[in-house]
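Structure first, commentary second.
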């Protein structure tokens, strides 16, 4: 009885903050529906895949994981979403020598790639070589009842622990919530707005 009550309370707590727990048997981590000026936008966040290595042009070797994200415009109005990450590393670990970098690979995510290694990315090294020391940005207009899928690669320099991430919308501002092991941080990363016609 105690275990059932604990599980029920965990599920209630998860739903109360607007996120749905992982669906068993899929790579989905969380999903939530948000209101943008009275219009619904749905965001799905995946679990990580990968675990390979990448060496930058200075000789530093990183481990990496890949996430996919789906943004669905459930409204009758086009929405524009802009997501951007700085070129700088994120150091939120106890040791200043441990940090992560975030990059958006150039490949296009498709639902049929969900079961593939690295979620089907084929040009990851090329994307990282091209954009590693640059800020990355993606701006897209999503038509009514349509969706966009995209990737984010997270690279770890001496940082360890299982990684979980979420795109979270607060009003019209996007935030990227990152948890690696016991450490976590939330950074502003863009916005979603209605397209004025």
### Message
Which count do you get for residues in segment 161-179 that are touching a strand residue (DSSP E or B) at 6+ places or on another chain (Cβ under 8 Å) and either in a loop (DSSP other than H, G, I, E, B) or touching a residue at least 60 places away in the same chain (Cβ under 8 Å) (or both)?
### Response
13
### Message
Return the residues of segment 180-197 that are outside any strand (DSSP E or B) and in contact with a strand residue (DSSP E or B) (Cβ under 6 Å, 6 or more places away or on another chain); say none if nothing qualifies.
### Response
195
### Top-ranked residue in segment 67-89 [being in a loop (DSSP other than H, G, I, E, B) and closer than 19 Å to residue 41 by Cα; ranked as nearest to the chain's Cα centre (by Cα)]
74
### Task
Identify all residues within segment 90-106 that are in contact (Cβ under 8 Å) with a residue 12 or more places away in the chain, outside any strand (DSSP E or B) and surrounded by 13 or more Cβ atoms within 10 Å (Cβ to Cβ); write none if there are none.
92, 93, 98, 104, 105, 106
#### Entry: Flag for residue 156 being surrounded by fewer than 14 Cβ atoms within 10 Å (Cβ to Cβ), more than 25 Å from residue 32 (Cβ to Cβ) and modelled with pLDDT of 90 or more
no
### Query
Taking segment 123-143 on its own, how many of its residues are surrounded by 16 or more Cβ atoms within 10 Å (Cβ to Cβ) and in a helix (DSSP H, G or I)?
4
### Query
Restricting the search to segment 170-182, which residues are at pLDDT below 95 and buried (at least 18 other Cβ atoms within 10 Å of the Cβ)?
180
#### Entry: Candidates 154, 109 - the one that is under 14 Å from the mean Cα position of the chain (by Cα) and part of a loop (DSSP other than H, G, I, E, B)
109
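The values are calculated or read from the model by the stated rules, or taken from the named source; none is laboratory data. Keep in mind that what you see is a predicted model, and the values were worked out from it rather than measured. Glycine also receives a Cβ, built like all others from the backbone with ideal geometry; neighbour counts cover every protein chain displayed.
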